[in-house]
Amino acid sequence: MKKHFKEYEELCFTDDYMFCMILTTRLDLCKELLELILDIKIRKVEIAEQQKNVDITYDGKGVRFDVYVDDAENTVYDIEMQTTRQKDLPKRTRYYQGMIDLNLIQKGMRYSELKKSYVIFICLEDVFGKNLPVYTFNYICEQDYSVRLGDEATKVIVNAAGSRNGLSEDMCSFLDFLSKKETNSNFTKELQGAVNESIAKKKWKVEYMTIMEKIREEREDAAIDAAIKTTIITLKRLNFPDNVIIDNIIKNCSLTEEEAKEALLNYEKE
């Protein structure tokens, strides 16, 4: 039988749970990672809000940041792990940037006080197909490339599958580490050591299993809801009476008669 989720002992750094937990509890590693990717020096990083949820859109659709930290220089960093290739990733960076800014504004901050920000996606595959190891984006005037918008919002896409030309040994090792290749840099050894230590933490294991079980239940509930709706729509189009529809809901979706009647009633109210 195909497993839907990894066992906790099988997790590695690129798995979302492990990535989040390590970087939000080992801020020294988070700081070193940011310095490596951005090629800058950071005095200190602090948790802005761990696994931060921002629900500020009209329909309640928000965003959960993987790793959300800030530094002593009034800069905020959102670091996301992306293990699958997604064509909508560029617009996701736009959405995440918007959520960061809206969250700050809602707290009473004026536009002039908005923090400098970096939205960083660490990807295992090449989003743009240009073989670059790092893609950095800032707004530039199309009529005059010397003119920058100056909104201090930078988006960075790290490509583990990209070229290693011109990179430092540490950056090459980090990209190889993401790709599950053998590495021996001090930083990747520290990251793997943090993973090994995390695997031994029973509290994290329980939390991970609880989260995965909740996701599994939500997926099962969604699948049942879809099956109910499909059954009702199909049989109503064929002009079957309600009692036949209810019998089919009971059979196809493993519901009680009372649950099936309620499902049909709720559908008709929509």
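Do we find that Tyr208 is at pLDDT below 95, over 24 Å from the mean Cα position of the chain (by Cα) and aromatic (Phe, Trp, Tyr) in this structure?
no
Is there any pair linking a residue in the range 146-175 that is touching a residue at least 60 places away in the same chain (Cβ under 8 Å) to one that is open to solvent by less than 60 Å² (accessible area, probe 1.4 Å) and in a loop (DSSP other than H, G, I, E, B), with Cβ under 6 Å and at least six apart or on different chains, and which?
Ile157/Val127; Asp170/Ser185
Would you mind telling me which numbered condition in (1) over 15 Å from Ile37 (Cβ atoms); (2) surrounded by 13 or more Cβ atoms within 10 Å (Cβ to Cβ) Thr154 fails?
Among (1) over 15 Å from Ile37 (Cβ atoms); (2) surrounded by 13 or more Cβ atoms within 10 Å (Cβ to Cβ), the lone unmet condition for Thr154 is (1).
Need pairs with beta-carbon distance below 6 Å; first residue touching a residue at least 24 places away in the same chain (Cβ under 8 Å) and within the range 20-48, second of a type in the set (Ser, Thr, Tyr); sequence gap 6+ or separate chains.
Sorted first by the residue in the range 20-48, then by its partner, the pairs are Leu34/Tyr77; Ala48/Tyr68.
Give the range 180-236 a look and list any residue that's farther than 30 Å from Ile249 by Cα, open to solvent by less than 60 Å² (accessible area, probe 1.4 Å) and in contact (Cβ under 8 Å) with a residue 40 or more places away in the chain, or say none.
Within the range 180-236, Phe187, Leu191, Ala194, Val195, Ser198, Ile199, Trp204, Tyr208 meet the criteria.
Among the residues of the range 237-270, which ones are of a type in the set (Ser, Thr, Tyr) and either on the phi < 0 side of the Ramachandran plot or open to solvent by less than 60 Å² (accessible area, probe 1.4 Å) (or both)?
Once the filter is applied, which keeps residues that are of a type in the set (Ser, Thr, Tyr) and either on the phi < 0 side of the Ramachandran plot or open to solvent by less than 60 Å² (accessible area, probe 1.4 Å) (or both), the range 237-270 yields Thr256, Tyr267.
The values are calculated or read from the model by the stated rules, or taken from the named source; none is laboratory data. Computed from a prediction, not measured in an experiment: that's the story for all the values here. Every residue, glycine as well, gets a Cβ built from its backbone with ideal geometry; the counts of neighbours run over all protein chains shown. Remember, those area values only see protein heavy atoms, side chains included, never the ligands or the DNA or RNA. Shrake-Rupley method; radii C 1.70, N 1.55, O 1.52, S 1.80 Å.
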